[in-house]
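Below is one structure, written out as structure tokens; comments come after it.
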Amino acid sequence: MGRQLEFEIFRFNPQKQGDVPRMQTYVLEETTNMTLFIALNRLREEQDPSLVFDFCCRAGICGACAMVINGRPGLACQTKTKDQPGKITLHPLPVFKLVGDLAVDTGVWFREMYDKTESWVHTTRAFDPAAQEERMDNAVAEQIYELERCIECGCCVSACGTARLRDDFMGAAALNRIARFVVDPRDQRTDSDYFEIIGNDNGIFGCMGLLACEDVCPKGLPLQNQLGFLRRKMGITAIKEIFRK
């Protein structure tokens, strides 16, 4: 017989008139290799069908099941109950719009982030469908791939001290996107072009350097390295702009 786990889960449906935020307690017997994803599905199927949370892939790829687990943002599908205490407290991710209970809307935030970062390869070259694919150095391709592993779960944004204080801060996910295009030789933007996007308090200079983003990233992205890389590059660009004037 497994442990009797106690779940303290945030409950609130903003679309239900008269509903108020509250914590609700559930008790569930732990099973072998149980994840929070399994536990939440059992709670919804066996005890409370009104419990709201998101899931999709169950494999740490979609990022839909991100939530605050005992005070730390993480993925429910990757979190095993055996690694948690007997009492598990679950909250929705802060910063994002609440849909209900543990579900938040990250889509609007990431759409705005893509627009702000102009998240596409900027080039004046005309596309030739008959031409061979442009070759790229393996080291550069691997560096781009490393930065593309972001699953947009929102954990880094929710753990960010600046994002919690200011809704105009771009956050580590957006800055990581910029770093991805900085190293891409196909993108023809200059450092000055990137400076116009992130060379301000809303961008790289708004980062307080707490690095909670990297601590909670479920994919282990090197956010600390990328933020430092962008800060140095944008700082040098700012100095050049001053002397150019």
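Plugging the Kirkwood radius over Cα pairs into Stokes-Einstein for region 165-239, at a temperature of 37 °C and a viscosity of 0.692 mPa s, what D comes out in µm²/s?
After rounding, the answer is 259 µm²/s.
If you roll a 1.4 angstrom probe over the protein chains with everything in place, what fraction of the accessible area of region 109-245 belongs to carbon and sulfur, to the nearest %?
50
Measuring from centroid to centroid over Cα atoms, what is the spacing of region 131-207 and region 6-67 in Å?
Each part's Cα centre sits 32 Å from the other's.
Measure off 7 Å from each Cα along the Cα-to-Cβ vector at Gln47 and Lys82, then give the distance between these two points in nanometres to one decimal.
Output for this residue pair reads 2.2 nm.
Could you name the lysines in cross-link range of Lys16, using Cα to Cα under 18 Å and dropping any fewer than eight places away on the same chain?
Candidates past the 8-residue exclusion: Lys97.
Evaluate 2.2 N^0.38 Å with N set to the residue count of the chain, then give the Cα radius of gyration divided by it.
Rounded to two decimals, the normalised Rg is 1.18.
Using a 4.7 Å Cβ cut-off, which Cys residues in the chain lack a partner cysteine?
Cys65, Cys77, Cys150, Cys153, Cys155, Cys160, Cys207, Cys217
Which FRET efficiency, nearest 0.05, do Asn13 and Phe55 yield, Cβ-Cβ r, R0 25 Å?
0.85
Could you pull out every whole DSSP H run in the chain that spans at least 30 Å of Cα extent along its own axis and averages 0.5 or higher on the Kyte-Doolittle scale?
none
Just grab the label-to-label distance for Arg3 and Ala238, each label 7 Å out from Cα along the Cβ direction, in nm (one decimal).
4.7
Take Arg149 and Ala131, extend 7 Å from each Cα along the Cα→Cβ direction, and tell me the distance between the two endpoints in nm.
3.2
The values are calculated or read from the model by the stated rules, or taken from the named source; none is laboratory data. Because the structure is predicted, anything quoted here is derived from the model rather than measured. Reconstructed Cβ throughout: ideal geometry from the backbone, glycine too, with neighbour counts over all protein chains shown. Heads up: the accessible areas ignore ligands, DNA and RNA and are worked out on the full protein's heavy atoms, side chains in. Shrake-Rupley method; radii C 1.70, N 1.55, O 1.52, S 1.80 Å.
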